[in-house]
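Data first, discussion second: the structure below is written as structure tokens.
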């Protein structure tokens, strides 16, 4: 799945992701046959408060430490001929991602961008004139509900907006480290680019870190959902075993609509779900940055029945975010997810333990015939070249840089 167009041919052969807790860098395998293979990887840890992602300037709290970490990791993976251009993967919390429908949109970016920016003007929690906007047309899916009121097929677009002042912070760190930002991608969209496109395949992706959790649904290379929840002030999501206090209760959770323009302008400005085949008559769905139009939400509420755990702090918000995404998955695709792909620094093993203890899915049981909802890393051993495979970098840190390099 290719996320967001590249300005100049192929993306750089180097990628770096800056997130709360650390920096990870990677180099592409090199040969065209090595698409998606990481030739080298390196990681540097940061203090918990070194990076605090958000939509306002001041994300980089310990600038010298972050610059040093970026320089150290990129120089560790760089080799002769790779140059100093870098794809920069930034936290989801510093961008807004929206899914939009357009009846029509000019093919030339110079003509389409003003229309996209106009659509975003009332939907973003920051000034669109002071933001950098990108958009990508999604593959047409066809089917029921795929056309507008006039019977014409709707154009589906994913758009991303980031305040310029915040973008300057992250690009400035790269330049201070002696490299040049050649492209910028948000963490989860970068990770999605590393998923193999298979006919009829759908994936539920969870990018959980210490300060935010993002859930996404993609089917046949088409993004259906992208939603982030802020966990600022929460205990680290990666440390969960000691924080779980399990209770054997079952409760029904009423899920609020992802977007309700009249009730919550703040929620309306967040990432939204889009029906796979267009709009629902009589409702409009939010749009986002460059290239997305508004469509309508498929449902107003979803009821999720699950066994829940009592979690210290706000760890339960991670489980709730996954439950909401799973409910949308079932409603949009008419089947339950059998697998969750992990893309965050929490890691698949810890995320699986959290979801299981909270009652999301069940453990396989031959006696009852119940099947498990499995959790696995997006990046497996097959994506690591010989040099990368011998480096002690957890796979959970590699989804973003691997997707950024897979072009």
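The values are calculated or read from the model by the stated rules, or taken from the named source; none is laboratory data. What you are looking at is a predicted structure, and each value in this text was computed from that prediction instead of being measured. Cβ atoms come from the backbone with ideal geometry, glycine included; neighbour counts cover every protein chain shown.
Name the residues in segment 66-106 that are within 19 Å of residue 53 (Cα to Cα) and more than 20 Å from the chain's Cα centre (by Cα), would you? Of everything in segment 66-106, those that are within 19 Å of residue 53 (Cα to Cα) and more than 20 Å from the chain's Cα centre (by Cα) turn out to be 66, 67, 68, 69, 70. Taken over segment 59-77, the criterion of being in a loop (DSSP other than H, G, I, E, B) and more than 13 Å from residue 172 (Cβ to Cβ) is satisfied by 61, 62. Can you name every residue in segment 320-339 that is surrounded by fewer than 24 Cβ atoms within 10 Å (Cβ to Cβ), touching a helix residue (DSSP H, G or I) at 6+ places or on another chain (Cβ under 9 Å) and under 13 Å from residue 375 (Cα atoms)? Passing the criteria: only 337. Summed over segment 381-407, residues that are more than 15 Å from residue 205 (Cα to Cα) and either in a loop (DSSP other than H, G, I, E, B) or modelled with pLDDT under 85 (or both) total 8. Across segment 166-208, the number of residues qualifying as closer than 22 Å to residue 227 by Cβ and touching a helix residue (DSSP H, G or I) at 6+ places or on another chain (Cβ under 6 Å) comes to 14. Residue 42 meets all of the listed conditions (1) assigned to a helix (DSSP H, G or I); (2) surrounded by 13 or more Cβ atoms within 10 Å (Cβ to Cβ); (3) modelled with pLDDT of 95 or more but one, namely (1). For residue 74, the conditions (1) under 21 Å from residue 209 (Cα atoms); (2) surrounded by 16 or more Cβ atoms within 10 Å (Cβ to Cβ) all hold with the exception of (1). Does segment 343-355 contain any residue that is at pLDDT below 85, in contact with a helix residue (DSSP H, G or I) (Cβ under 6 Å, 6 or more places away or on another chain) and either assigned to a loop (DSSP other than H, G, I, E, B) or within 30 Å of residue 182 (Cα to Cα) (or both)? So far as segment 343-355 goes, no, none of its residues is at pLDDT below 85, in contact with a helix residue (DSSP H, G or I) (Cβ under 6 Å, 6 or more places away or on another chain) and either assigned to a loop (DSSP other than H, G, I, E, B) or within 30 Å of residue 182 (Cα to Cα) (or both).
Which numbered condition trips up residue 47, out of (1) within 25 Å of residue 395 (Cβ to Cβ); (2) touching a helix residue (DSSP H, G or I) at 6+ places or on another chain (Cβ under 9 Å); (3) modelled with pLDDT of 95 or more? Only one criterion in (1) within 25 Å of residue 395 (Cβ to Cβ); (2) touching a helix residue (DSSP H, G or I) at 6+ places or on another chain (Cβ under 9 Å); (3) modelled with pLDDT of 95 or more is unmet by residue 47, namely (3). Return yes or no: is residue 98 assigned to a strand (DSSP E or B) and either out of contact with any strand residue (DSSP E or B) (no Cβ under 8 Å at 6 or more places or on another chain) or more than 22 Å from residue 178 (Cβ to Cβ) (or both)? When the stated conditions are applied, residue 98 passes them.
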